[in-house]
1. Report the label-to-label distance for ASP255 and PHE194 in nanometres (one decimal), using points 7 Å from each Cα along the Cα→Cβ vector.
2. Put one equal scatterer on each alpha carbon of the stretch 56-206, apply the Debye formula with no solvent term, and list log10 I(q)/I(0) at q = 0.13 1/Å to two decimals.
3. Which shape class, rounded, prolate or oblate, goes with the stretch 126-170 when its Cα gyration tensor gives a ≥ b ≥ c as root eigenvalues, a/c under 1.5 marks rounded, and past that a/b bigger than b/c marks prolate?
4. At most 11 other Cβ atoms within 10 Å and a DSSP loop assignment: could you name the GluC sites (Glu not before Pro) in the stretch 157-263 that fit?
5. Taking a temperature of 20 °C and a viscosity of 1.002 mPa s, what whole-number D in µm²/s does Stokes-Einstein yield for the stretch 35-138 with Rh from Kirkwood over alpha carbon pairs?
6. Using θ = phi - 60° and the Karplus curve 6.51 cos²θ - 1.76 cosθ + 1.60, what whole-Hz ³J(HN,Hα) does each residue of the stretch 210-224 get, with Gly and Pro shown as x?
7. Along the Cα-to-C-beta direction of VAL48, a point sits 7 Å from the Cα; which residues of the stretch 84-126 have their amide N less than 14 Å from that point?
8. I need the shape label for the stretch 150-202. Rule: rounded when a/c is under 1.5, else prolate if a/b > b/c, else oblate, with a, b, c from the alpha carbon gyration tensor.
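Derivation of every value follows stated rules applied to the coordinates shown; laboratory data play no part. In this text, all values refer to a predicted model and were calculated from it rather than measured experimentally. For neighbour counting, all protein chains shown are included, and Cβ atoms are generated from backbone atoms with ideal geometry for every residue, glycine included.
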Amino acid sequence: MISEGVFFCPAALSRAQLAPWISRIDQRYRDIEAARRAGDSLALGRLVPPDQKFVPTASSLTIGTVSSDEDLQTLFSLIDNGRAGEWLKLGQEIACDVDQAWVRRQYSPRCYPALHAPHGWHQDGALGFDFLAHSDGNFPPGALLQMVTYWIALGPCGIEAPGLEIVTRPPGRLLAPGELTDGRVQTQFGPEEFYRPVMEAGDAVLMRGDILHRTFVTPEMTHDRTSIEMRFFAKNALPGRLKGDRFLCFRRQQDGLKAVPGR
């Protein structure tokens, strides 16, 4: 454990377990990159089912673009049976917001597609929060979601390919957008509180919703990085502001995770 809010889990999944995911994802990105280079919006649209999303500013796909619910259930079981599962302390019934589960590609700076940019400082627990409605900074109870993000690398990252930069000390509260500039973050936290994991395929980072993080990228990086990230909640405490999202819900049992009804 890196801190009470961050857990690093090396070899959370094996290369063999990830192989079918990597194959599907790499092929989808090859097709997307070809469509983007050709400026073929129709071809790009055909690569993303109507109920899924592709976000060009982050070169990210919702996970349903490359997987079925059965694939996800298998993946969740692998996660829950390993060391990372011990850190998903969300109760016997857990839920993954599959509309907010993503496959992401961060490119080498010299290879950015049109519109692409790395992620700036943010907290996943701010998901869906209306900052404009609370511009005075008086955030209501529950503004910061109680959740865990599971982030897994599909290849080496952190040295030659973009990785993550994480503030290990949990702020314990939702930060306003004005507090997320690099200058403010660097001032608020000490140098020893910034963590840049060097990761191999199958290594995972788990983070509470209040943990600050961003893409770590330098001009010298020459390789691209692909990752999967999923957001988990306690099934009995699903956030009201995400009521429009689709969740896959599971109950922990001795023989593994069993799918249960959920919204």
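1. Simple spin-label model gives 5.1 nm for this pair.
2. Computed log10 I(q)/I(0) values: -0.76.
3. Prolate, since a/c reaches 1.5 and a/b exceeds b/c.
4. Details: sites: GLU160, GLU165, GLU179, GLU192, GLU193, GLU200, GLU220, GLU229; in loops: GLU160, GLU200, GLU220.
Here the GluC sites (Glu not before Pro) that fit, given the DSSP loop and packing criteria, are GLU220.
5. Values: Rh = 16.8 Å.
Rounded, D is 128 µm²/s.
6. 8, 6, 7, 7, 7, 5, 9, 9, 10, x, 7, 5, 10, 10, 8
7. 100-105, 114-117
8. Details: a/c = 2.38, a/b = 2.04, b/c = 1.17.
Here the stretch 150-202 falls in the prolate category.
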